[in-house]
Amino acid sequence: MSDETTNGAVAPAAEAAGPAFTVEKIYVKDVSFEAPGAPAVFAENVQPELQLNLNQRVQRLGENAFEVVLGVTLTCKAGDKTAYVAEVQQAGIFGLIGLEPQAVDVLLGTQCPNILFPYVRQLVSDLVQAGGFPPFFLQPINFEALYAESLRQRTQGGEASLANSEPAGNA
């Protein structure tokens with residue numbers, strides 16, 4: 001029996017290592033900030049109204065690699081005018097090896113967005129402040145509850161799991 005060595009270290013066999021969940025890369029996929037009513041909106045003396053839209057996409061990149069994109073769109077209106085719109089798509093590439101399909105689905109729907117959320121939160125906050133507006137901090141999000149609701153809807157609609165999407169790209 002011979003083991004491969006890399007830089008003098010013995011590389012463990014993939015099968016012997018057992019199940020694994022890894023964060024391969026975290027990156028900003030898309031970001032946008034618009035303040036269409038500036039500078040007039042700064043003089044408005046109305047209570048702003050905020051609308052938050054959250055979405056998540058999962059794409060299979062290979063046998064054991066997935067891209068998860070957590071998207072947030074924050075729209076602030078002052079009266080009938082849009083004060084600002086901040087859009088962030090924070091992405092990550094995650095490795096999931098040796099796990100049952102149900103476990104992969106749960107990790108993609110809960111742990112991956114939980115890992116991405118602090119990055120989204122910071123970026124949205126920085127964009128809003130850089131735009132000249134008071135700080136905005138996204139409140140914590142219960143991704144487990146969102147996943148449970150998504151699972152319920154997928155079960156009713158007969159849709160496939162997050163992990164069973166077709167491969168795309170070359171990862």
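Under 14 Å from a label point set 7 Å out along the Cα-to-Cβ vector of residue 34, the amide N atoms of region 76-110 belong to 76-77, 81-88. Here the gap between residue 137 and residue 152, fully extended at 0.36 nm per residue and compared with their Cα-Cα distance, gives a gain of 2.5 nm.
Among 119, 147, 27, what's the order by accessible area (1.4 angstrom probe), most exposed first?
These residues rank, largest area first, as 119, 27, 147.
The values are calculated or read from the model by the stated rules, or taken from the named source; none is laboratory data. Nothing here was measured: the structure is a model prediction, and the numbers come from that model. Don't worry about glycine lacking a Cβ; one is built from the backbone with ideal geometry, like all the others, and counts go over all protein chains shown. Ligands, DNA and RNA are excluded from the accessible area calculation, which covers all protein heavy atoms including side chains. Shrake-Rupley method; radii C 1.70, N 1.55, O 1.52, S 1.80 Å.
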